[in-house]
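*Asks:* Pasting a structure here, questions to come.
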Amino acid sequence: MKFGEVPVEDAFGAVLAHSVKHTAGMFKKGRLVSAADITLLKASGVAKVFAARFETGDVPEDEAAMLIAQAISGPGAPAQEPFTGRANLHAETAGVALIDEERVRQLNRLHESLTLATVAKFDVVEARQLVATVKVIPFAVPRDVVDKARAIIGNAPLVQVASFKAKRAGLVITKLPQTKPSLIEKSETAMRERLEALGGTLGDVIVCDHSIAAVRDAVANLRRGSHDPVLVFGASAIVDRGDVIPAAVVAAGGEVVHLGMPVDPGNLMMLGQVSHVPVIGVPSCARSPKLNGFDWVLARLMAGINVSATDIMDMGAGGLLKEIPTRPLPREGRSQVQTAARIAAILLAAGQSRRMGSNKLLADVGGTAMVRRSAEAVLAARVGPVIVVTGHEPEKLKSALDGLDVVFAHNRDHAQGLSTSLRAGLAALPAETDGVVVCLADMPLVAPHHINKLISAFNPAEHRSICVPVADGQRGNPVLWARQHFGEMSRLTGDRGARALMDQLADEVVEVTMGSDAVLADFDTPEALARLR
């Protein structure tokens, strides 16, 4: 790849390395320079630009990022569409991150142009949380670097998320004569909250004397009741394999896998098993919601991950948890993690199709009504919910969309223009929506990957809060808008959509180049419909 400052007239086909102002606005970094761009830049007095030009053997940044992201992606951690050389992996469900740390290191040591960042191995992650990001540093990567990276990755994923299994755990709480009832209640509450935070439930709770026989019988009863795992909260800390709780596990026909752990707080934890059911001797520090070593073991077990004695011994590196406020449990509130934005969609389907002469949205396109084709494409993208705004012939539209997982919002004022349908759709959005893709129901060629590419570009913190698709130098539809603009969108009037706001909010707009003109193609006339068919 050639990179540097070049005369404007020599920049055709190159990629802008820096944003450039011109008399009509600004060309942003990453734009592929066209002949029209050169004419405008020269007319604006721009003589030189910094640009990159690909050479034979170069893999463009988005293509390279996607190739690597797809290769490292494993169950529970799908790769998302790339943008500006970045492809993210988000957790499909809450669970435990499984990271092949050695191959991550090998990949990052390969070449400075290619980077991979992940959460820590065995981190507890939320649904939609960012768990890994592939970032290509320059505008392109040499083909041999991509090939070597894929060879390192091989056929086994580097990043996975083991989802929590909705297990039902049993709890034994032991007591001594001096044990206060409030301590028993506190122990049960702490375990219930921990289990629920990991997608599980607390089943039977047995309170018994702090004796080998009593604990033995309680563990055996919970095991027979299909509880998995079994937790034992002792009235006194476990200090030896001959102590009450380890001895009770052995007396129940089980074994002590490991006693103690190199994690503080949490040193005095015991892991055992009876008939392949894990039994955990819970350290007293677990009555507090603060993170401790027991949480690490419990999270893995709740995700169906086996924990061995070696696994526990290896927890020492990074195991000093005192004064570290990471991953608080529910009563303390969640620490901030980067999650995928909650993107909804509005499908505008209220028009009267005056130019068509009949309701174009009900027209047959390959055996399917146009509105249904459009709705199915939106539903297949990474959005939810999908709000369908009806107006003209609402019952016929609902019939055409029968069986689809959409929410209907009827616009009684649809004859007053597009802005009224936009307001109806915005009013139906859930309160937690971070952004909305505004889609037109008469654009059935728009595919899920077009919408997903807009979502990948979306980042309000970096002033990419309005994402508009571009093909052949023209802006098209759908457009993704951040919540911060919903108020202005709701104040629009007449027969105009939110596109009227783009000039006012130019600094928030990012153009997302698409590989086809599907984002430009609507079908308003009988002639256009005939071409589509």
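*Asks:* Where the centre of each part is set by its Cα atoms, how far does segment 432-489 sit from segment 78-141, in angstrom?
*Replies:* 24
*Asks:* While we're here: With a 1.4 Å probe and all protein chains kept in place, how do Arg109, Arg103, Arg192, Arg241 rank by accessible area, largest first?
*Replies:* Correct descending sequence by accessible area is Arg109, Arg241, Arg192, Arg103.
*Asks:* With a probe of 1.4 Å, find how much accessible area segment 157-257 has per residue, and write the answer as a whole number in Å².
*Replies:* 44
*Asks:* DSSP loop trypsin sites (Lys or Arg not before Pro) in segment 454-525 with at most 16 other Cβ atoms within 10 Å of their Cβ, which ones?
*Replies:* Taking segment 454-525 and a limit of 16 other Cβ atoms within 10 Å, the loop trypsin sites (Lys or Arg not before Pro) found are Arg491, Arg496.
*Asks:* In square angstrom, what is the accessible area per residue of segment 351-433 with a 1.4 angstrom probe?
*Replies:* Accessible area per residue: 48 Å².
*Asks:* Sorted by accessible area with a 1.4 angstrom probe, largest first, how do Leu67, Leu501 fall?
*Replies:* Listed by decreasing accessible area, they come as Leu67, Leu501.
*Asks:* Going by accessible area, probe 1.4 Å, with all protein chains left in place, what is the ranking of His18, His90, His485, largest first?
*Replies:* Output order, biggest surface exposure first: His18, His90, His485.
*Asks:* Then there is this: Where the centroid of each part is defined by its Cα atoms, how far is segment 360-430 from segment 216-249 in Å?
*Replies:* Comparing the Cα centres of segment 360-430 and segment 216-249, I get a distance of 57 Å.
*Asks:* Using alpha-carbon pairs under 8 Å, 6+ residues apart, how would you state the relative contact order of segment 39-162 in percent?
*Replies:* Relative contact order, segment 39-162: 35 percent.
*Asks:* Checking the table Lys21/Lys453; Lys398/Lys453; Lys167/Lys398 against a 31 Å threshold on Cα-Cα, which pairs fail?
*Replies:* Lys167/Lys398
*Asks:* Show me the GluC sites (Glu not before Pro) within segment 389-478 that DSSP assigns to loop and that have at most 16 other Cβ atoms within 10 Å of their Cβ. List each step's numbers first, then the result.
*Replies:* Values: sites: Glu395, Glu432, Glu462; in loops: Glu432.
Hits after loop and neighbour filter: Glu432.
*Asks:* Based on the alpha-carbon gyration tensor of segment 472-533, what equivalent-ellipsoid semi-axes (square roots of 5 times the eigenvalues) come out, in whole Å, largest first?
*Replies:* In descending order, the three semi-axes are 26, 17, 9 Å.
*Asks:* Another question about this same structure. With a 1.4 Å probe and every protein chain left in place, tell me how much accessible area Val389 has, in Å² to the nearest 10.
*Replies:* Approximately 0 Å² of Val389 is accessible to the 1.4 Å probe.
*Asks:* Please report the antiparallel percentage of the DSSP beta bridges confined to segment 171-304, to the nearest 5.
*Replies:* Rounded to the nearest five, the antiparallel share is 45 percent.
*Asks:* Right, here's the next one. Given contacts defined as C-alpha pairs under 8 Å and at least six residues apart, what's the relative contact order of the chain, whole-number percent?
*Replies:* Computed value for the chain: 10 percent relative contact order.
*Asks:* In the chain, carbon and sulfur make up what percent of the accessible area (probe 1.4 Å)?
*Replies:* Working: 12010 of 24230 Å².
C and S atoms contribute 50 percent here.
*Asks:* Hey, another quick one. Which aspartates and glutamates, if any, have their Cα less than 19 Å from the Cα of Lys290, not counting same-chain residues under 8 positions apart?
*Replies:* Asp123, Glu126, Glu185, Glu188, Glu193, Glu196, Asp264, Glu323, Glu332
*Asks:* Right, here's the next one. What FRET efficiency comes out for Val250 versus Lys180 if R0 is 35 angstrom and r is the Cβ-Cβ distance? Round to the nearest 0.05.
*Replies:* 0.75
*Asks:* Please find the FRET efficiency linking Thr493 to Ala213, where r is the Cβ-Cβ separation and R0 is fixed at 60 Å, and quote it to the nearest 0.05.
*Replies:* Given R0 = 60 Å and the Cβ-Cβ separation, E is 0.15.
*Asks:* Here's another thing I want to ask about it. Taking the full set of protein chains and a 1.4 angstrom probe, give the accessible area of Glu63 in square angstrom, rounded to the nearest 10.
*Replies:* Number for this one is 90 Å².
*Asks:* Before rounding to the nearest 500, sum -39500 (n - 2.57) across all DSSP H runs of length at least 4 in the chain and divide by the residue total; then give [θ] at 222 nm in deg cm²/dmol.
*Replies:* Dividing the helical sum by the residues of the chain leaves -8000 deg cm²/dmol.
*Asks:* While we're looking at this one, here's another question. Just to be sure I understand: of the beta bridges DSSP finds with both ends in the chain, what percent are antiparallel, rounded to 5?
*Replies:* 60
*Asks:* Gain in length, Asn459 to Ala120, computed as 0.36 nm per residue apart minus the alpha-carbon separation, to one decimal in nm?
*Replies:* Once the chain is fully extended between Asn459 and Ala120, it gains 119.7 nm.
*Asks:* Lys396: accessible area at probe 1.4 Å, nearest 10 Å²?
*Replies:* Rounded to the nearest 10, the figure is 120 Å².
The values are calculated or read from the model by the stated rules, or taken from the named source; none is laboratory data. Note that this is a predicted model, so its numbers are computed, not measured. In this analysis, Cβ positions are derived from the backbone assuming ideal geometry, glycine residues included, and neighbour counts consider all displayed protein chains. Side chains are part of the model used for accessible areas, which takes the heavy atoms of the whole protein and leaves out ligands, DNA and RNA. Shrake-Rupley method; radii C 1.70, N 1.55, O 1.52, S 1.80 Å.
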